[in-house]
Structure formats: structure tokens, C-alpha cells
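The values are calculated or read from the model by the stated rules, or taken from the named source; none is laboratory data. Just so we're clear, the structure is a prediction, and the values are computed from it rather than from any experiment. Cβ sites come from the backbone with ideal geometry, for glycine too, and all protein chains shown count toward neighbours.
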Amino acid sequence: MPGLPKVYVIHENSVWLPPLREAFDALATPYEEWLLDKHVIDPGAEPPEGIFFNRMSASNYTRGHHHANYSTDIVLRWLEAHGRRVINGSEVLALEFSKAAQQILLDRAGLATPKTVVAVGLERLADAVEQLGITPFIVKPNQGGKGLGVQLFESSDALRAAIDGGQFPETVDDVWLVQDKIESDNEFITRAEFVGGRFIYAVQVYAGGSFELCPADACNVSFDDFCPAESNTDIAPEPEGPRFEIAQETDDVLMRRLEQFLSANGIEVAGIEFIRRPDGTPVIYDINTNTNYNAGAEERAGIEVGGMGAIAQFLSGELAALRGAQPNTATG
């Protein structure tokens, strides 16, 4: 006889899981991890009952898990075909792997985004830059993760030199976004965090001339990683204080619009990044459907239930609701 339903966490990077494990343990929530680096699936079999949380990251290929785009899609569609409760399902997974798809949805929702041209194939980047017609400009991989591979260029000549010099990394799909650089009066980006489709807090991140802004403690990003010597951007001085700080003020109107956007697209857990132009306009440039949190920033802000705690509470509530709807015949 099958056991009682539990929470299943679908992922490919165990390094990011300890805070979530601790939160589950504190709540006495039964859970199981499905590490999709190696997995066997019988698509004709009945999946277990439970709540399934997709934590797959766009940066999977940087850890040698190039297959994760496809294996995770199979698992999520199998679960969905059997009516299982999936948090951030197959359609959301596709967004995690495509910044171009994110851009299309954001534009359709009427949210401000950088002007963007998509190049299919590295050899078409110069054509995309010409079509964009703006300098300076940013080039980023369609499937990125942690800001890897994002570069700023002051001119098309600089881009050609970078291409000729082999300065572009191998990507999963060889699709690239060319975008205008968002000008701002400060050196911060803002990342708004949402759990269960609801805003929990925003964190300000000191960019320091880099695009690699992973907030997780496990990323262990040094200042040299933020501002590599070979970078083709102007390097800002290292901040005197922490790089991650919980924002003290909230743009309630923007947060409600983002909640509506998430709801319309079935996204339940996410971090949305934006930069404010000098006129105050928030320009959204990234949606992270696999989100991490900075425990140090949460502690300094006096947040009692941090991001991972909020996720654990949300999933535990979903599990309780599912168990309440289950016939009382299972044991375990």
C-alpha cells in the first residue's frame, strides 16, 4: 500500500538545497529529492501522490547537466499527465530556459523591458546589433544562469573583436539576445521575490560592473568574480557594505502588476530582476523561476521567515491541503 503523499523537490544541484532541507525539517514536512542528474522514469507508471516542486536551473549546463532541459521536461509532463500538483510546471520550465520567451511575455503584459533583438546563431550577432541600432549594448545567452556569458560592448567593432577572439562561451541553443544597456543613477539592481505567487520582499544587489549576481550563499562569489580583470566594462569600486541588502521601501503598484503577470503565466515561485532608469521607470530584464536567497541579507533585515522558509511553508500548506483531500486509506 502506498505511503502518505509528501513533497518532492526536482533539481540537479544539491549545493543549493541545505536551506530548504532545514526549513522542511523545522516544519516536520515529509519530503524527497529527485536529483535529475541520473534518473529512470517509466512514463507508463503511476507517479506517487504528492506536491512536486520544480527547482531546475537554467545554469544546469555549467555543471555538466546539459540533458536537464529535456529530462526535467519529460518528468514534469509525466506528472502533469497524471494530474499531480506541480509547482512551476513544464510551461514555466520553458521560460526558465529562454530569456527570449520571457521577453515576449513581459512585452505582451505591457511591462517595460530593454529593447531587444534575438540572434539565432553567433554569426548573426553583428546583424542583430545593426538592427538594434543602439550603443552601448549587452549580449547575453538565451539560456544563461547566474549572469554567465553576459557581456557589455561599447561598439560593433568591439563585438567583432570579441567574436574573432573566441570570447563567447558555448551555449545550449546558440541563441543570443542583444539589448540596450539600461541606464540608471545607481549601481544596484533590484530582485523582487515571490512565493506562492505573492511578493515577500525585494533585495538590492550591488552590481559592481558584473552580471554574475547569484544571491545564494553557496555561490560564494568573490569580488574578483564580480569584477574580473579582463572584463570589458568599467569596474566600480568594491562597496563598503554588503552586496545584498533587503530593500526598505516597496513599490506596491509594481509588485501587484508582477503578481498579476506571474498568475497569468502559472509561475508560483520566482525572482524578478529590474533596474530603474533615471526617470524612475522600472525596466524588467530577467525572470528566475529557480530562485535562491541570501541568508545574510535576510538576517540583517530581521526577517524571521526567509525565502526558503517561505517556500517550505507554502509547499507544506499545499501538502496539507492535498492530504485533506485524500481518502483515509493510505499508511506510511
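Observations on the model:
- Candidates Ala100, Ala45, Ala68: the one that is modelled with pLDDT under 95 and more than 24 Å from Leu322 (Cα to Cα) is Ala68.
- Evaluation of Ala112 against (1) within 16 Å of Glu183 (Cα to Cα); (2) in a helix (DSSP H, G or I); (3) small (Gly, Ala, Ser) (one fails), failing number: (2)
- Any strands (runs of 3 or more DSSP E) falling wholly within segment 26-105 and containing at least 2 residues that are buried (at least 16 other Cβ atoms within 10 Å of the Cβ), under 19 Å from the mean Cα position of the chain (by Cα) and not β-branched (Val, Ile, Thr): 50-54
- Given (1) under 15 Å from Gln179 (Cβ atoms); (2) buried (at least 20 other Cβ atoms within 10 Å of the Cβ); (3) within 22 Å of the chain's Cα centre (by Cα), index of the condition Val118 fails: (2)
- Checking Gly280 against (1) modelled with pLDDT of 95 or more; (2) part of a loop (DSSP other than H, G, I, E, B), the condition it does not meet: (1)
- Of all residues making up segment 254-267, the number that are assigned to a helix (DSSP H, G or I) and either modelled with pLDDT under 90 or surrounded by 12 or more Cβ atoms within 10 Å (Cβ to Cβ) (or both): 9
- Close Cβ contacts (under 8 Å, 6 or more residues apart or on different chains) running from residues in segment 1-30 that are of a type in the set (Asp, Glu) to residues that are surrounded by 15 or more Cβ atoms within 10 Å (Cβ to Cβ) and at pLDDT 95 or above comprise Glu22/Met308.
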